[in-house]
Amino acid sequence: MGFWTFVSRIILKNRILILFLIAGATAALLTQTKYIRISNTEANMLPSDHPASLKYDKFLKIFGEEGNLIIIAVKDSSFFTPTKFNNWNALSKKLDSFKEVDFTFSLGDIQKLKKDVVHRRFVVEPLYNKDPKTNEEVAKITKVLFQDLPFFDNFLYNKKGKTIRTLIYLKKDIVNTVARKDFVLNQLNPIISKFEKDNNLKVHVSGMPYIRTMNAESIVSEIGTFVGLAFGVTALIFFFFFRSFRATLIAMTVVSIGVMWAFGIIGAFQYEVTVLTALIPPLIIVIGVPNAIFLINKYQQEIKNHGNKAKSLQRVISKIGNATLMTNVTTASGFATFIFTKSQILREFGIIASINIMVIFVLSLLLIPIIYSFMPIPKDKHLKHLETRWIEKVVLTLENAVRFHRFAVYATTLVIVIVSMIGVYMINVSGSLIDDMPKGEPFYKDIIFFENEFGGIMPLEIIIDTKKKKGVTNLSTLKRMEKLDETIDEIPSLSKSISILNLVKYSKQAFYNGNPKYYKLPTSQEKNFILAYTKNSNTNSNFLKNFVDSTGRYARMTTFMKDIGTKKMNRIEERLEERINKVFPKDKYEITYTGKALLFLKGTKYLTKNLVISLSLAILLIALFMAWMFRSFRMILISIIPNMLPLLMTAGIMGYIGVPIKPSTILVFSIAFGISVDDTIHFLAKYRQELQANNWKIKKSVYLALRETGVSMFYTSIVLFFGFLVFTASSFGGTIALGGLVSITLLFAMVSNLVLLPSLLLSLDQNIANKKVLKEPLIKIIDQEDDN
């Protein structure tokens, strides 16, 4: 008795017990869904020991969490009226009252720095003493703001665009907790909406805590949409092919249980829901339905052949079980390679996806035969799809291409390879923090608004280590920082920087009675006078703490980046590095730059390299798998070539249409390769069976294998194509790219496996299909049982 025959008997004899066990396991896993939670921290694609991660950790140790700033802004000429002007400042005070907020800074909080000659010190006085009541009073305030206080330019206002903004600093200990999400969704957003309605003003909101919260909400909202779409589309296609409500219901029941298990397993591992793990439940539907197609199609073919239900169910498991196991193992392998990327978000995705793919295989193999065992034999109307003429015509067309036009097949393949290679050389490597965010969402449009008005919202931090206490306040250090600041100003993708320079320049302006033309660094002579005033003052201490550490050794320069890719960032780094090397002697200073946006860009480059390794590993694993099954190097080539060609074609298309290589698109190749190899395994498994049944006659075996597996391969490929196409309905650019590119790749793979694969088998003839190669492989793809 073969192994799979034994398995089939165990399943069918213990069907009641198996159903109870599955029901119990499903109930247990559903209890784990309470542990599912949305990620409140930012995914770091770099390992913790990467130099860029170490620099960022050092920055956090010196200056604390950087991503705690939420910004709100208005750009409207009607703002400069007493009612709206005062309401804006009242809004700031209201937000300042929440426990989650450390402090807010708005127009009403501006304190002008003034010189107190009597006490030789600087003192502060408010920009205005009472709320303005007339347009003239508002105009007077704004005139002083725009003309006399350059310290606040690009900080609280944009002089050119007359844009006004308020800064909301959250408490640093809540930035990576659920309290941040609750504040944004339940407090900030409703208050902003009410303010907009009451004042007829459009308020733009941004800042990393806000972006992260709204982005996470978009991810959550799409999970249900994708599950529903994937379920509906695959069910519709399944019914179109099988024309049976019963078969459709059985298939959808199995994948529904698989989705429940997927949610339960995510909860059991207590992994946070990310933009990738959110794809797993619909992914299980898309990958699970092809399992059902092969099993149900085989069952119906057996019923049509001999009408014996018990024998048909046993053969579904014994004949298809092993081949289906192999296909799911290769698919799972494509996802499992992400485990080796050293990126937490990808590692978790790889673990959960590969486990769930094997789970849906087991559920399909157990439930489909068991459910059919309780049902009457399918009627003739349920089997009519097996004789569908248009499918037969499609398969016959493919067979004719293999039989009579092999030269054209190879010539077309060669042309495709050449054209695709040209496209590959046109691909760019890129990626940015907001590149894949939903571009139709208001928060994304606000990001663009702040880029245009203030130069960006993604912080780039430059740390100056003077290597000695109080080294920051040396005039020579300040002058070096100013030269670096001038370089930053010259770079269009960066905003004006904020640092101790601003405060020192403001102090000189105050020393000269607030004259804005003196808003610049003091000379060595002036420094001594101004320093005497500064020592006697107790103003702007909070500002100083944010940009100079307590020892005076480290200074921080903060600039904000626009949405730039890795190439632009590399050029910016080179330009800054060139200036730093000229201005800061390495024996006296150590300069580093960091920040979450830079960390992401570094992570993109690192991850792209690791995912290329991951794809190579997937190809190697599957090649070894083929070697284990067939013990033939030539058979490895025959199985790999038809699946490498679609990847090359997709890469070429990416180059021609300008889709860059980034984390979301590089994922496509490992996933698509793991899935497309499934068709190869099914075809070769049937081919081997036909060789044994037809006394090793190559041509006859190839054509018979093509006719029988062609229909199932066509069905599953169409389901996979439209199933992955569902992801293009996403608002996330990365998910759209993933869905669209995988769909195209799998469509190419279907044609390649149905045309190029059999052509290669026929051309290589006896060199492949000899008894020494295919006789008794280490793992039997099909149990050698007499079909009669």
Checklist entry - Going highest first, how would you order 613-624, 206-217, 410-421 by mean Cβ packing within 10 Å? => result 206-217, 613-624, 410-421
Item to check | Separation of alpha-carbon centers, segment 232-302 and segment 593-629, rounded to whole Å | outcome: 28
Checklist entry - How much length, in nm to one decimal, is gained on full extension between Met358 and Asn570, taken as 0.36 nm per residue of separation minus their Cα-Cα distance? => result 72.1 nm
Checklist entry - Once you charge only the Cβ atoms, +1 for Lys and Arg and -1 for Asp and Glu, what is the size of the charge dipole of segment 193-313 about its Cα centre, to the nearest 20 debye? => result 600
Checklist entry - Span-like helices, the chain: DSSP H, alpha-carbon axial extent 30 Å or more, mean Kyte-Doolittle -1.0 or greater, which ones? => result 208-242, 245-269, 280-306, 309-336, 344-373, 596-630, 633-657, 663-693, 698-725
Checklist outcome for this item: So, with points 7 Å from each Cα along the Cβ direction, the Thr177-Met421 label distance in nm works out to 5.9
Item to check | Sum of side-chain charges, Ile572 neighbourhood, beta-carbon under 12 Å (Lys, Arg +1; Asp, Glu -1) | outcome: +1
Checklist entry - Dipole of segment 190-308 (Lys/Arg Cβ +1, Asp/Glu Cβ -1, origin at the Cα centre): which of Phe263, Pro209, Asn199 lies farthest to the positive side? => result Phe263
Checklist outcome for this item: Computed for segment 477-612: size of charge dipole around the Cα centre, +1 on C-beta of each Lys and Arg, -1 on C-beta of each Asp and Glu, debye to nearest 20, value 80
Next on the checklist: With a 1.4 Å probe and all protein chains left in place, how much of the accessible area of the chain comes from carbon and sulfur atoms, in whole percent?
Outcome noted: 58
Item to check | Under 14 Å, Cβ to Cβ, from Arg120 - net charge with Lys/Arg +1 and Asp/Glu -1 | outcome: +3
Checklist entry - If you stretched the chain out fully between Asn428 and Tyr410, how much longer would it get, using 0.36 nm times the residue separation minus the C-alpha to C-alpha distance? => result 3.5 nm
Item to check | Dipole magnitude (debye, nearest 20) for the chain, charges at Cβ of Lys, Arg, Asp, Glu | outcome: 760
Checklist entry - With the Cα gyration tensor of the chain giving a ≥ b ≥ c as the square roots of its eigenvalues, does the rule (a/c under 1.5 for rounded; else a/b larger than b/c for prolate; else oblate) give rounded, prolate or oblate? => result prolate
Checklist entry - So, in Å, what gap is there between the alpha-carbon centers of segment 1-63 and segment 403-426? => result 41
Item to check | Cα gyration tensor shape of segment 612-654, rounded if a/c is under 1.5, else prolate or oblate by comparing a/b with b/c | outcome: oblate
Checklist outcome for this item: In terms of the charge dipole of segment 1-128, which places +1 on Lys and Arg and -1 on Asp and Glu at the beta carbon, the residue among Leu69, Gln32, Leu95 farthest towards the positive end is Gln32
Checklist outcome for this item: Averaged per residue, the 1.4 Å probe accessible area of the chain, protein heavy atoms only, in Å², is roughly 42
Next on the checklist: Given axes a ≥ b ≥ c from the Cα gyration tensor, I'd like to know whether segment 1-129 is rounded (a/c under 1.5), prolate (a/b larger than b/c) or oblate.
Outcome noted: prolate
Checklist entry - According to a simple spin-label model (label point 7 Å from Cα along Cα-to-Cβ), what is the distance in nm between Tyr35 and Thr473? => result 5.3
Checklist entry - With Cβ to Cβ distances under 13 Å as the rule, what net charge do the other residues near Pro660 carry (K, R +1; D, E -1)? => result +2
Item to check | Under 22 Å from Lys171, Cα to Cα: lysines that are on another chain or at least 8 residues apart | outcome: Lys58, Lys61, Lys93, Lys94, Lys99, Lys181, Lys545, Lys596
Item to check | Residue-level accessible surface for Ile422, protein heavy atoms, 1.4 Å, Å² | outcome: 90
Checklist entry - Full extension from Asp587 to Tyr512: what is 0.36 nm times the residue separation minus their Cα-Cα distance, to one decimal in nm? => result 23.4 nm
Checklist outcome for this item: Each label sits 7 Å from Cα toward the beta-carbon; between Ser256 and Ile613 the label points are separated, in nm, by 4.4
Item to check | Most positive-pole-ward Cα, Ser221, Leu460, Ile22, against dipole of the chain from beta carbon charges | outcome: Leu460
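The values are calculated or read from the model by the stated rules, or taken from the named source; none is laboratory data. Computed from a predicted structure; not experimentally measured. FYI the Cβ positions are ideal-geometry reconstructions off the backbone, even for glycines, and counts take in every protein chain you see. When the accessible area is computed, the model is the full protein with side chains, heavy atoms only, and any ligands, DNA or RNA have been set aside. Shrake-Rupley method; radii C 1.70, N 1.55, O 1.52, S 1.80 Å.
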